[in-house]
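Novice: Structure incoming, see below.
The values are calculated or read from the model by the stated rules, or taken from the named source; none is laboratory data. Please read all numbers here as calculations on a predicted model, not as lab measurements. With ideal geometry, Cβ positions are generated from the backbone for all residues, glycine too; neighbour counts draw on all protein chains shown. These accessible areas exclude ligands, DNA and RNA; they are computed on the full protein's heavy atoms, side chains included. Shrake-Rupley method; radii C 1.70, N 1.55, O 1.52, S 1.80 Å.
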Amino acid sequence: MLIVPERDIADLMTRDAAFDAVERVFAAMAAGDAYNFPVVREAIGHEEALYGFKGGFDQSGLTLGLKAGGYWPNNLEKRGIINHQSTIFLFDPDTGKVKAMIGGNLLTALRTAAASSVSIKHLARPDAKVIGMIGAGHQATFQLRAALEQRNFEKVIGWNYHPDMLPNIEKIATEAGVPFEAVELEGMRQADVIISITSAFAPSLMADHVAPGTHVACMGTDTKGKQEVEAALLAKAAVFTDEVAQSITIGEAQHAVAQGLIAEADVAQLGAVINGTDAGRTSEDQITLFDGTGVGLQDLAVAAAVVDLAVEQGIAIEVDF
Ligand code: NAD
């Protein structure tokens with residue numbers, strides 16, 4: 001069995017490798033070659049922790065496994081370690097023997113950023129110039145850094161519920177040499193692409209904050225009850241997702257579906273656009289919306305890529321197990 005510890009991931013994994021792995025597995029999911037297992041998520045009644053498993057099998061890439069972990073809200077304050085903690089396990093699909101154990105914390109951020117980037121590549125207008133960020137927390141920085149590589153963006157605009165956090169994303173824009181401006185939500189009308197990545201339970205971005213032709217990636221809503229954008233926005237948009245079953249139950253589409261504004265059949269898989277079986281954006285004026293709920297196969301895809309890189313570079317730890 002191979003081990004790739006968390007400490008080695010930053011030096012091994014690149015944004016390009018994460019992007020390729022996620023794009024490939026979204027395509028495999030839409031082709032019916034890969035599927036996610038039902039998600040387990042439990043409040044364990046200890047340290048206020050949420051713990052669970054996300055797993056799946058990709059028959060085309062022969063990747064089988066799961067991510068185990070969750071959220072320990074007291075970690076940072078009590079122990080000085082980050083609140084999100086996860087580990088990915090890969091198994092040999094021919095024998096069931098464990099193949100690898102990989103640190104999953106940084107990979108989670110990279111695979112989540114890769115998902116919105118894949119949506120921008122396939123759904124945003126090619127001439128997109130202004131990118132709007134809603135959210136300025138841990139994930140937002142990864143999201144912006146990856147998204148800036150997808151188009152020739154000339155300006156970053158940002159809004160956050162806690163304005164004091166905005167320098168987090170301003171720093172990323174500055175590093176990329178792109179000017180940054182803090183705006184009110186109404187100011188999002190100048191954006192060609194908007195990414196929302198917050199932990200909100202009520203919408204910030206309303207339908208009339210979004211101009212025609214915009215691509216919106218909703219990345220924060222991954223649990224029942226969370227919501228970042230007005231449900232009416234989904235009714236106005238062509239809606240895409242990583243996995244339809246998750247989108248309508250734990251993703252942003254849960255609210256529009258519950259209110260009868262859209263139906264399950266109105267939500268398409270981003271993988272189908274990648275495979276060319278769905279047209280994706282069909283006009284310059286269309287609003288496209290990607291509901292990125294986060295699937296186990298994304299974690300397995302980036303973990304498998306990191307194991308290959310660790311083996312290539314001779315730093316995977318081999319354990320007789
Ligand atoms: P974080 O705690 O670092 O940042 C939270 C962000 O939400 C901040 O910008 C904060 O200002 C904002 N926020 C908090 N309360 C708000 C409110 N009431 N209204 C509007 N905004 C509010 O968290 P993070 O690690 O950046 O994660 C952000 C979200 O992304 C979380 O909900 C997390 O569960 C989700 N997430 C999704 C995926 C996925 O695959 N889709 C993966 C990882 C994380």
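Novice: Please give the net charge around Leu185, taking every other residue with its beta carbon less than 13 angstrom from that of Leu185, where Lys and Arg add +1 and Asp and Glu add -1. Can you show the working numbers first?
Specialist: Numbers: positive: Arg189; negative: Glu184, Glu186, Asp208, Glu228, Glu230.
With Lys, Arg at +1 and Asp, Glu at -1, the net is -4.
Novice: Further, regarding this structure: Please get the size of the charge dipole for segment 125-294, origin at its Cα centre, with Cβ charges of +1 on Lys and Arg and -1 on Asp and Glu, quoted in debye to the nearest 20. List each step's numbers first, then the result.
Specialist: On the way: 11 positive and 23 negative charges, 30 e Å.
With only Lys, Arg, Asp and Glu charged at Cβ, the dipole is about 140 debye.
Novice: Further question on the same structure: Within the set of other residues whose C-beta is less than 15 Å from the C-beta of Ala10, count the net charge using Lys and Arg as +1 and Asp and Glu as -1. Don't jump to the answer; show the numbers that get you there.
Specialist: Values: positive: Arg7, Arg15, Arg111, Arg145; negative: Glu6, Asp8, Asp11, Asp16.
Computed value for this residue: 0.
Novice: Also: Which whole-number percentage describes the relative contact order of the chain, with Cα contacts under 8 Å and a sequence gap of 6 or more? Before the final figure, lay out the partial values.
Specialist: On the way: 740 pairs, mean separation 70.4, N = 321.
That works out to 22 percent.
Novice: Additional query: With a 1.4 Å probe and all protein chains kept in place, how much accessible area does Lys121 have, in Å² rounded to the nearest 10?
Specialist: 90 Å²
Novice: Please report Rg over Rh for segment 129-181, where both radii come from the alpha carbon positions and Rh follows the Kirkwood definition.
Specialist: On the way: Rg = 9.7 Å, Rh = 10.6 Å.
Answer for segment 129-181: 0.91.
Novice: Give the distance, in whole Å, between the Cα centre of segment 1-68 and the Cα centre of segment 100-128.
Specialist: When both Cα centres are located, 13 Å separates them.
Novice: Mean-square fluctuation check for the chain, GNM, Cα pairs under 10 Å: which of Gln227, Gln85, Gln143 is largest?
Specialist: Comparing Gln227, Gln85, Gln143 in a Gaussian network model of the chain, the most mobile one is Gln85.
Novice: Among the listed pairs Lys54/Lys224; Lys54/Lys78; Lys67/Lys226; Lys155/Lys224; Lys155/Lys226, which have their C-alpha atoms separated by more than 25 angstrom in this model? Walk me through the intermediate numbers first.
Specialist: Values: Lys54/Lys224 16 Å; Lys54/Lys78 27 Å; Lys67/Lys226 22 Å; Lys155/Lys224 33 Å; Lys155/Lys226 29 Å.
Distance filter (> 25 Å) returns Lys54/Lys78; Lys155/Lys224; Lys155/Lys226.
Novice: Okay, next question. When you take every Cα atom in segment 203-248, what is the radius of gyration, and what is Dmax, the widest Cα pair distance, in Å?
Specialist: 10.6, 29
Novice: Return the carbon/sulfur percentage of the accessible area of segment 46-163, one whole number, probe 1.4 Å, all protein chains in place. Intermediate results must be reported in sequence, preceding the final value.
Specialist: Numbers: 2830 of 5040 Å².
That fraction is 56 percent.
Novice: Another question, if that's okay. If you line up the Cα atoms of segment 50-178 on their principal axes, what length do they span on each, largest first, in Å?
Specialist: Cα extents, longest axis first: 51, 42, 21 Å.
Novice: Only helices at least 27 Å long along their axis, Cα-based, and averaging 0.0 or more on Kyte-Doolittle count here, so list those DSSP H runs from the chain. Present the calculation step by step, with values, prior to reporting the outcome.
Specialist: Details: long enough: 105-123 (28 Å, 0.64).
The answer, listed by residue number, is 105-123.
Novice: For Arg41, tell me the accessible area in Å² from a 1.4 Å probe, rounded to the nearest 10.
Specialist: 120 Å²
Novice: If you don't mind, another one. With N set to the residue count of segment 125-294, report its C-alpha Rg divided by 2.2 N^0.38 Å to two decimal places. Working shown, then result.
Specialist: Details: Rg = 14.9 Å, N = 170, 2.2 N^0.38 = 15.5 Å.
Ratio of Cα Rg to 2.2 N^0.38 Å: 0.96.
Novice: Kirkwood Rh, Cα Rg: Rg to Rh for the chain? Present the calculation step by step, with values, prior to reporting the outcome.
Specialist: Numbers: Rg = 19.0 Å, Rh = 19.8 Å.
With Rh from the inverse mean 1/r over Cα pairs, Rg/Rh is 0.96.
Novice: Counting Lys +1, Arg +1, Asp -1, Glu -1, what net charge surrounds Gly292 among other residues with beta carbon under 9 Å of its beta carbon?
Specialist: Values: positive: none; negative: Asp222, Asp242, Glu252, Asp291.
For residues surrounding Gly292, the net value is -4.
Novice: For the chain, set up a Gaussian network in which alpha carbons nearer than 10 Å are linked by springs, and say which option among Asp242, Asp266, Asp222 fluctuates the most.
Specialist: Taking springs between Cα atoms under 10 Å, the residue moving most is Asp266.
Novice: Can you compute the helix-only [θ] at 222 nm over the chain? Use -39500 (n - 2.57) per DSSP H run of at least 4 residues, normalise by all residues, nearest 500 deg cm²/dmol.
Specialist: Details: 11 runs with 107 residues, N = 321.
For the chain, the value works out to -9500 deg cm²/dmol.
Novice: Considering only DSSP states other than H, G, I, E and B, which GluC sites (Glu not before Pro) in segment 1-108 qualify as loop sites with at most 16 other Cβ atoms within 10 Å?
Specialist: Glu47, Glu48
Novice: While we're here: Whole number in Å², please: accessible area per residue of segment 69-183, 1.4 Å probe, ligands, DNA and RNA not counted. Mind showing how you got there, number by number?
Specialist: Numbers: 5110 Å² over 115 residues.
That works out to 44 Å² per residue.
Novice: For a quick check: with amide H placed at 1.01 Å from N, whose amide H comes under 5 Å from Ile194's, ignoring anything fewer than 5 positions away on the same chain?
Specialist: Here Gly132, His215, Val216, Ala217 satisfy the definition.
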